[in-house]
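What follows is a single structure, written as structure tokens, with notes after it.
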Amino acid sequence: MAKKREEFADNLKWNVKDLYNTIEDFYEDYNYLDTQVEEYKKYEGHILDSSKSLLALLKFDRDFEQKLEQVYVYAHLQNDQDTTNTFYQELMGKVLKLYEKVKRESAYIGPELLSNDYDLILKYIAEENGLQEFARNLKDIFKVKKYILSDKEEKLLSSVSSTFRTVDDVYSLLTDADLTFGSIKDEKGQKIELSEQNYRKFLESNDRKLRKNAFKKLHETYSNFKNTYASLLMAEVNKNNRLADIRGYKSALNCSLYNNDIPDEIYDNLIKTVKNNISPLSKYWHLKKEALHLSSLHIYDTYAPIVKQVKKKYTETDAKELLNKALHVLGDTYINDLNKAFTERWIDFCPNKGKRNGAYCTVCYNAHPYVLLSFDGSLYSVSTLAHELGHAMHYYYAIKNQAFQDYEYSIFVAEVASQVNQILLSKYLIAHTKDINEKKYLLDDLIQDFKASIYRQTMFAEFEKIIHEKDQSGQTLTYSSLCDIYYNLNKEYYGKNIVVDDIIKYEWERIPHFYMNFYVYQYATAYAAAINIAMKILSGDKDIVQKYLEFLKLGQTKTPIESLKVVGVDMSKTETIEDTFNYFDGLVLDLKKLYKE
């Protein structure tokens, strides 16, 4: 049974006092913001009266948003560390309502700015030095001028924006709270409640019958709700398409990419390149089938380790020391800054009762990054910690080098630093173990990461693209057509040497990322960029570490594509994705050699 939060030592908990020392301090800022939000009204209709009036609005908005971020992060951390605490549930609710209020009161800013020409903005920037720090933000606003609606229409959309989350909220409640999968018998014959949280553990079992039963039971349960999930997904797709159409974008995909400064061809190039390189994955399936001594390999066999799982256990201190060794190739400055995460308590390790599932990194500009995970001493936990600390260091360097309005990096580059850390950790472990079975396990795990990040996420990306295009063309998608599309994509992406079980056609129902509007492809592009960077670092390239650190400092001061060029990665070139398959093929070959030994 999970321990209560108060049973864990303070050094294993994040230090929320770096945000607010007491709840009274929090309320002082919250109440101030709740009253100050009305101040937005005094700028309405006067933003462009002069360069000074423009600067006054931008400074007020920046300062307000900066304090609002601090209030939000505090409530969000307190709520996530124990979701059963009703006080912090209510606190989070208050902050979210404040956010909605701010959006409504400030909805006029974009339309009012865009009611004039960008030439006037440039004139104001030239005559008022204080506007220089907002130059990028203003340029970005005018970049989307043709897609901004009238003041009245923007306010109308803003007033109903909370309803746009309803589909995602219902999906989350159905999947995370209401859906139950029943129980299955584990390796010892004991009944265990099956859940999304422990499903992966069953798939990684050495007991094939258990893997198959878990796989079948989970997807059969989802199949019982196929009409509900189909209605939810199509409502989400329709919403994305309608909003894109209202604003005048070519498509929902174009809307998402344009707003993130990503050319449309990046998306299509990723899908095309991955589908042209299924062969290395087929080689891996053939090897895995041999290693597991199976006559046929099914999808439920793919997560089973090629050798028995490594049973090593790590303490939080062990994890810190291991990361110091694995990431030392990034230099002393990086390591010294990384260790602040431990000494200053940015990390919440506790696997306490009521804690939010999963792991993440969030940040407050007025404090520092925060990392949540439920550390259980496994290698997986250490790897998760490396991943989230990659995000943390990305945020940390951006905070140190950029103004508030420029520090948050684009979603497109968000997973690069986290994946670099994970790859460097895996490569370090593989290079330093003398146990051949452990080396096999680690190589297999690294191959699984590639499969999950490149092949699987790209398949998700193509599924998203297809269903949005069908809805946009006026086709009605039913659960049956969604299942057919998804099943056929699985056949394509899994390739040869594997049995694609029919029941996998229901898996789309359990993918929450389909409610994140063309997000998943970025896991694949980021992983490709991370491989490129990590391999250069490990090759001893003397300039790459400094370039990488410069990349981490950029925030939003460059477009995502230009940001990656700073570290020598050009995502607009097919070769960047192609090269990752040479890396993957090499991993499979290394594993094959070890297996033959």
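Odds and ends about this structure:
- Checking each residue in region 19-47 for being of a type in the set (A, V, I, L, M, F, W, C) and out of contact with any Phe, Trp or Tyr (no Cβ under 8 Å at 6 or more places or on another chain) picks out Ile23, Ile47.
- All positions within region 569-597 that are in a loop (DSSP other than H, G, I, E, B) and within 22 Å of Ile537 (Cα to Cα): Val569, Asp570, Met571, Ser572, Lys573
- Scanning region 332-350 turns up no residue that is part of a helix (DSSP H, G or I), under 30 Å from Asp585 (Cα atoms) and not hydrophobic (A, V, I, L, M, F, W, C).
- Check on Phe375, on the phi < 0 side of the Ramachandran plot, out of contact with any strand residue (DSSP E or B) (no Cβ under 6 Å at 6 or more places or on another chain) and at pLDDT 95 or above: no
- Scope region 383-399; condition of a type in the set (A, V, I, L, M) and crowded, with 23+ Cβ neighbours inside 10 Å; matching residues: Leu385, Ala386, Leu389, Ala392, Met393
- Leading residue by the ranking (farthest from Asn213 (Cα to Cα)) among those in region 285-309 that are within 27 Å of the chain's Cα centre (by Cα) and either β-branched (Val, Ile, Thr) or assigned to a helix (DSSP H, G or I) (or both): Thr302
- Of the residues Met571, Met535, the single one that is within 21 Å of the chain's Cα centre (by Cα) and either modelled with pLDDT under 95 or among the aliphatic types (A, V, I, L, M) (or both) is Met571.
- Residue in region 20-30 that is among the hydrophobic types (A, V, I, L, M, F, W, C), exposed (fewer than 12 other Cβ atoms within 10 Å of the Cβ) and farther than 30 Å from Arg136 by Cβ present: no
- Residues being in a helix (DSSP H, G or I), touching a helix residue (DSSP H, G or I) at 6+ places or on another chain (Cβ under 7 Å) and not aliphatic (A, V, I, L, M) - total across region 319-331: 4
- Of all residues in region 155-182, those satisfying the criterion of being at pLDDT 90 or above and surrounded by fewer than 13 Cβ atoms within 10 Å (Cβ to Cβ) are Thr180, Gly182.
Residue by residue, here is whether (1) crowded, with 20+ Cβ neighbours inside 10 Å; (2) of a type in the set (A, V, I, L, M); (3) in contact with a strand residue (DSSP E or B) (Cβ under 6 Å, 6 or more places away or on another chain) holds:
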residue: Asp207; (1), (2), (3): no, no, no
residue: Ala230; (1), (2), (3): no, yes, no
residue: Lys288; (1), (2), (3): yes, no, no
residue: Ala304; (1), (2), (3): yes, yes, no
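- Region 183-205, subset assigned to a loop (DSSP other than H, G, I, E, B) and more than 30 Å from the chain's Cα centre (by Cα), residue surrounded by the most Cβ atoms within 10 Å (Cβ to Cβ): Asp186
- Elements of type helices (runs of 4 or more DSSP H) in region 417-508, at least 3 residues being aromatic (Phe, Trp, Tyr) and farther than 27 Å from Ala530 by Cβ: 479-494
- Any chance Phe551 is under 26 Å from Tyr365 (Cβ atoms), surrounded by 18 or more Cβ atoms within 10 Å (Cβ to Cβ) and among the aromatic types (Phe, Trp, Tyr): yes
- Only one of Leu138, Leu149, Leu120 that is within 29 Å of the chain's Cα centre (by Cα) and either assigned to a helix (DSSP H, G or I) or surrounded by fewer than 17 Cβ atoms within 10 Å (Cβ to Cβ) (or both): Leu138
- Some residue of region 511-519 being modelled with pLDDT under 95, among the aliphatic types (A, V, I, L, M) and more than 24 Å from the chain's Cα centre (by Cα): no
- Breaking point among (1) modelled with pLDDT of 95 or more; (2) surrounded by fewer than 13 Cβ atoms within 10 Å (Cβ to Cβ); (3) of a type in the set (Lys, Arg), for Lys320: (2)
- Checking each residue in region 56-111 for being in contact (Cβ under 8 Å) with a residue 40 or more places away in the chain and in contact with a His (Cβ under 9 Å, 6 or more places away or on another chain) picks out Leu57, Val95.
Conditions tested, residue by residue: (1) more than 25 Å from the chain's Cα centre (by Cα); (2) within 28 Å of His286 (Cβ to Cβ); (3) of a type in the set (D, E, K, R); (4) modelled with pLDDT of 95 or more.
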residue: Gln457; (1), (2), (3), (4): no, yes, no, yes
residue: Ile466; (1), (2), (3), (4): no, no, no, yes
residue: Lys470; (1), (2), (3), (4): yes, no, yes, yes
residue: Gly474; (1), (2), (3), (4): yes, no, no, yes
residue: Asn488; (1), (2), (3), (4): yes, yes, no, yes
residue: Lys491; (1), (2), (3), (4): yes, yes, yes, yes
residue: Tyr494; (1), (2), (3), (4): no, yes, no, yes
residue: Ile498; (1), (2), (3), (4): yes, yes, no, yes
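- Region 291-303: number of residues that are within 17 Å of Asp445 (Cα to Cα) and out of contact with any Lys or Arg (no Cβ under 6 Å at 6 or more places or on another chain): 6
- Residue in region 392-408 that is nearest to Gln132 (Cα to Cα), counting only those that are within 20 Å of the chain's Cα centre (by Cα) and of a type outside the set (A, V, I, L, M): Asp406
- Subset of region 80-117 (residues that are hydrophobic (A, V, I, L, M, F, W, C), part of a helix (DSSP H, G or I) and more than 20 Å from Leu372 (Cβ to Cβ)): Leu98, Val102, Ile109, Leu113
- Of Asn241, Asn277, all but one fail to be part of a loop (DSSP other than H, G, I, E, B) and touching a residue at least 24 places away in the same chain (Cβ under 8 Å); the exception is Asn277.
The values are calculated or read from the model by the stated rules, or taken from the named source; none is laboratory data. Values in this document were obtained by computation on a predicted structure and should not be read as measured data. When we count neighbours, we look across all protein chains shown, and the Cβ atoms used for this are built from the backbone with ideal geometry, even at glycine.
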